[in-house]
Amino acid sequence: MTHMSAIDSGAAETPDQLTIETPEQVAIRFPLAGVGSRFLALLTDSLIQVAGYVVLILLLVLIATNLPKSPAPAGGSGEKWVIAFLIILGFLLYWGYFTLFEAFWNGQTPGKKLCRLRVIRDSGRQITLFESMTRNLLRFIDQMPGFYAVGVVAMWCNRQNKRLGDLAAGTLVVHERAAEMPVWSGGASRTITAQVFAQAATPTPAAPPPVDLPADAVARLSADDLNVIDHFFARAIDIDIPRREQLAARLAGQMTARMGVEMPPGAMPERVLESIAHILRGLRR
């Protein structure tokens, strides 16, 4: 999900930025994607789709020239079934490309990933298959009468740069930054606590051991909870230390309450959040 946002540290919302207050009472800032960056992402995706169409056409020609014709006129020919099947594949390549990638690839297509863009819900959460289907079914209207003219006009008419598909689905497209990656990737941890200490005047202490949490309790949390933790760690290094500690303590308290367990005595809230994220990623795999 969701590693594109910045935890709000008191900055006011700007025209190219949206601030959302999550249910966890953490304000998250989303840099909104404009027409230019979205066009570059769309161009990349379109080139990938064209390559896919070329492969389909070559496959169609290859099959049509080698498939024997059926002598029975009542039963039709196998060639027609192959052509129909390839037409369906072409339809899925056009409509399903954006829908499936955005729904199951963390709100990104290859073009969006290359341009560091992501589709999210208005609440800041990861989009579902329903939102992805809705926004992409209206893509046909957004691209009329050509070059996404309707979509561009719609984006100019609202502060959140939404095309008609986004307005209908309750989604928006935001920027992500290279430095805003998940704290936990696969099985390896990448804590930013040491980086924060490095910025301070005091020497960096040895990192405390991971917090031991019951996996069955962590399993009560959802993917949205993991997204919130990722949002926090994505921009924690940019927040002043007192504010960061306050947010970490609040989030850790809310997460452990949902898990139905007590905060481990003496555990650092950030370490608790890291352990929760690590276990959640393992459970999702």
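Here, each number is a calculation from the coordinates, and none is a lab measurement. Keep in mind it's a predicted model, so treat the numbers as computed, not measured. Backbone-built Cβ (ideal geometry, glycine too); neighbour counts: all protein chains shown.
Quick one: grab the alpha carbon gyration tensor of the stretch 32-180, order the square roots of its eigenvalues as a ≥ b ≥ c, and give me rounded if a/c is under 1.5, else prolate or oblate depending on whether a/b is larger than b/c.
Prolate shape, in that a/c is at least 1.5 and a/b is the bigger ratio.
Can you compute the FRET efficiency between Asp212 and Lys80 using 1/(1 + (r/R0)^6), with r the Cβ-Cβ distance and R0 = 45 Å? Round to the nearest 0.05.
0.10
If you take every residue apart from Gly34 with its C-beta less than 15 Å away from the C-beta of Gly34, what net charge results, scoring Lys and Arg +1 and Asp and Glu -1?
+4
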